[in-house]
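Everything on this sheet refers to the single structure shown next.
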Amino acid sequence: MSKYNLTPQVSKGVEPGIYVFWIMHATKFLKDGGRLGMIISDSWLQADYGIGFANFLLDHYKVHSIIDISSRVFPVPLIGTCIVLLEKCSNKEERDKNKIVFMYLNIKEGKLDINVILKAIERAKEGKIPATWINQQEFKELLEKLKTPPIIKVYEQSELYDKKWIDSIFNIDEILKTLKENEKIVKLSEYFEPSFGNLKYLVLATQGTIRGVRNIGGEEFFYLSEDDLKNYKIPKDYTYPLLLSSDYLEFFSFNKDDWERIRREGKECYIFLAHKPLNQLPEQVKRYIRLGETEVRLKRKRKGESEPRPVCESEASKARAKYRDYFYGWYDLGEVLNTPIYIGRGAQYWMRFNLAEFNVALDDRILALIPKIKFTINELKALLAFLNSSFSQLQAEIRGRSTGGGMIELDVKPLKEFLMLDVKKLDEEEIKALASLFDRLEEKARELGNAKDAENVFGSELARELTGKDIREEKDGLFNTVIREIDFKIAEILNIPQNIVDLVRNLVLQLEMRRLARVEAKPEALKGSEEFIVKLMKKKEKKTSNSFMTLDKFGLV
């Protein structure tokens, strides 16, 4: 576990699935040539710990095939699955020369003959690529059971060390390489410092400048509604507007009217901010701080405690009390840093980068981009056009973490690696064109009602294909209107061929399908009822439409 960096470190986001350790343990029981086949979660394919697990497999096995499956194989767990086919081998030279077949199957409902899949793997190992057998009679059944043609990639085992294998399945490395080599592309971390929220304490904890947990440690005390201000008689000079949840980031910008709506609803919309020594604070503020040391307690209690601790004893509060170079006491969160771009950490359908038209304090569950240099408003909008394009969404799909509910979540570390437009190298006309497209994207999103629902993002017809939901209202959506225009404008600016844009957009849809396939878990499935599963299969067979035709209609095959 230590050698392959697989020791769980929950606080750092390193938490390998238990199947990783089952396979490592099972290795001890196999002789050379012994085989291991297992159906496991596919989350490791795009997780950071998956690199170490992949290296373990390469050091101990001939990896014959990794078969990634879009559909949920089992009715109960909310996870996607893949099949691993391994053969133990102690000869490094043999292992390195072994050919690994990666296969992605976007399966319709129903059974699929495993022998047909095994035959396809054999053909691929022989060098007979899909184009040579795709229309052969022996694979006719395989194609009939798939929503889209299979993706099959073959690599020599020695090529696959120190990589996330999701990139190898979908050949995303080549696209990212094309972007990286472009002189008008830069890493996000060159111009921004991503952080969990934009309070001074959260930024310093994210950077590692101070040792502290990456939350404020006591929302019960620090987050306040308008009524709370009146009840505790807290002067507004010691508060700041707050954005508590990414649920309120429904569009591609956040303005004062959006915040005012939260305030009018009586929600927690202020944060307590007292960045002064205790002896310089007014009496009513001191009185409120004393409540955080006595009456206002944390929501959760520790094991063995009769009641939760006061807010002043949270881990974050103790850290602030310790670092007196930055904070005046446990109650002091520091200043609110200027943040032109907000990002909700998770999204179901499209990762939205929001223009901050009204600066607020952000909860740690909202990512902040702290600028390292100055940008004009048009430069920011041009940048946001790219960050909300298919080029950015593709990066979110492969760098983000897929949750059990099918959401994609971003963290600070992968966000630093994002590739984005270097707006400082664009001419004025290019900046204006992209800024104008961003304005249209925002206008269209507000016209639709939000940029969160599947039909608003993808349009009704494509949303039905991606989600399997019965969407009745007909909408155009953003993906095939404004986002498409942005995608092609970016390609024009970067001098990228149009077929690359089509490939990027197709890959985004493939990865969305793969991720969303695990969302629909039915409560009845928990009973293990075979009768229910049979009924479900029959019901969905009737609903199945020709996805090849749909994708072709949208110019994606």
Please list 3J(HN,Hα) in residue order for segment 177-193, calculated via the Karplus relation 6.51 cos²θ - 1.76 cosθ + 1.60 where θ = phi - 60°; whole Hz, with x for glycine and proline. 5, 4, 5, 4, 7, 7, 5, 9, 10, 9, 6, 4, 5, 5, 10, 9, 10
Cα centroid separation - segment 341-361 against segment 434-509, whole Å: 17 Å
If one puts a single equal scatterer on every Cα of the chain and applies the Debye formula without solvent, what log₁₀ I(q)/I(0) results at q = 0.10 Å⁻¹? -0.95
Could you give the C-alpha radius of gyration of segment 267-313 expressed as a fraction of 2.2 N^0.38 Å, taking N as the number of residues it contains? 1.38
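Which value in deg cm²/dmol, rounded to the nearest 500, describes the helix-derived mean residue ellipticity at 222 nm for the chain, given -39,500 (n - 2.57) per DSSP H run of n ≥ 4 and division by the residue count?
Values: 25 runs with 227 residues, N = 557.
My calculation for the chain gives -11500 deg cm²/dmol from helical runs alone.
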Taking θ = phi - 60°, what integer Hz values does the Karplus form 6.51 cos²θ - 1.76 cosθ + 1.60 yield along segment 322-336, in sequence order, with x for Gly and Pro? 7, 8, 6, 5, 10, 10, 8, x, 4, 7, 8, 8, x, 7, 9
Amide H of ILE341 versus every other amide H placed in the peptide plane: which residues, excluding those fewer than 5 positions away on the same chain, fall under 5 Å? ALA356, LEU369
Report the calculated FRET efficiency for LYS128 and LYS301 (r = Cβ-Cβ distance, R0 = 60 Å), to the nearest 0.05. 0.45
Signed unit charges on C-beta, dipole axis of the chain, positive-most listed residue LEU188, ALA205, ALA435: ALA205
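Need the full-extension length gain, SER2 to LYS28, defined as separation in residues times 0.36 nm minus the C-alpha distance. One decimal, nm.
Numbers: separation 26, 0.36 × 26 = 9.36 nm, distance 1.69 nm.
7.7 nm is the gain from fully extending SER2 to LYS28.
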Cut-off under 14 Å on the C-alpha distance; same-chain residues fewer than 8 positions from LYS299 excluded. Which aspartates and glutamates are left, in chain and number order? GLU219, GLU220, GLU307, GLU313, GLU315
Angle in degrees between helix 283-293 and the longest Cα principal axis of the chain, rounded to the nearest 10: 40 degrees
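Cα-Cα over 21 Å: which of LYS256/LYS413; LYS184/LYS372; LYS230/LYS286; LYS97/LYS153?
Working: LYS256/LYS413 30 Å; LYS184/LYS372 18 Å; LYS230/LYS286 16 Å; LYS97/LYS153 16 Å.
The answer is LYS256/LYS413.
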Between LYS372 and GLU226, take the C-beta separation as r, use R0 = 35 Å, and let me know the FRET efficiency to the nearest 0.05. 0.50
Would you mind classifying segment 296-442 by shape? Square roots of the alpha carbon gyration tensor eigenvalues, ordered a ≥ b ≥ c; an a/c under 1.5 is rounded, otherwise it is prolate if a/b is larger than b/c and oblate if not. prolate
Note to self: with every protein chain in place and a 1.4 Å probe, the chain gives an accessible area per residue in Å² of 47 Å²
Going by average Cβ neighbours within 10 Å, how do the peptides 198-206, 505-513, 425-433 rank, with the highest at the top? 198-206, 505-513, 425-433
Acute angle (nearest 10 degrees) that the helix 390-399 long axis makes with the longest principal axis of the chain, alpha-carbon atoms: 90 degrees
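Calculate, in nm to one decimal, what GLU492 and LYS140 gain on full extension: separation in residues at 0.36 nm each, minus their alpha carbon distance. Mind dumping the intermediate values first?
Details: separation 352, 0.36 × 352 = 126.72 nm, distance 3.96 nm.
Additional length available on full extension: 122.8 nm.
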How high is the FRET efficiency between ASP113 and GLU473 when r is their beta carbon distance and R₀ equals 35 Å, given to the nearest 0.05? 0.35
Relative contact order of the chain, please, whole-number percent, based on alpha carbon pairs below 8 angstrom and at least 6 residues apart. 15 percent
Which peptide among 385-395, 343-353, 305-315 comes first, and what is the full order, when sorted by highest mean count of other Cβ atoms within 10 Å? 385-395, 343-353, 305-315
Diffing segment 254-270: the Karplus 3J(HN,Hα) column from phi (6.51, -1.76, 1.60, θ = phi - 60°), in whole Hz with x for Gly and Pro, holds 10, 10, 5, 4, 4, 5, 4, 4, 5, 4, 5, 6, x, 7, 5, 10, 10
Ranked by how many other beta carbons lie within 10 Å on average, peptides 55-66, 265-276 from highest: 55-66, 265-276
Mind pulling the angle between the C-alpha long axis of helix 482-494 and the longest principal axis of the chain? Nearest 10 degrees, somewhere in 0 to 90. 80 degrees
On a full-extension model of 0.36 nm per residue, what is the gain between ASP173 and GLU315, subtracting their alpha-carbon distance, rounded to one decimal in nm? 47.1 nm
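The values are calculated or read from the model by the stated rules, or taken from the named source; none is laboratory data. None of these values were measured; they are calculated from a predicted model. No Cβ is skipped: glycine too gets one built from the backbone with ideal geometry, and neighbour counts run over all protein chains shown. Surface accessibility is based on the protein's heavy atoms, side chains included, excluding ligands, DNA and RNA. Shrake-Rupley method; radii C 1.70, N 1.55, O 1.52, S 1.80 Å.
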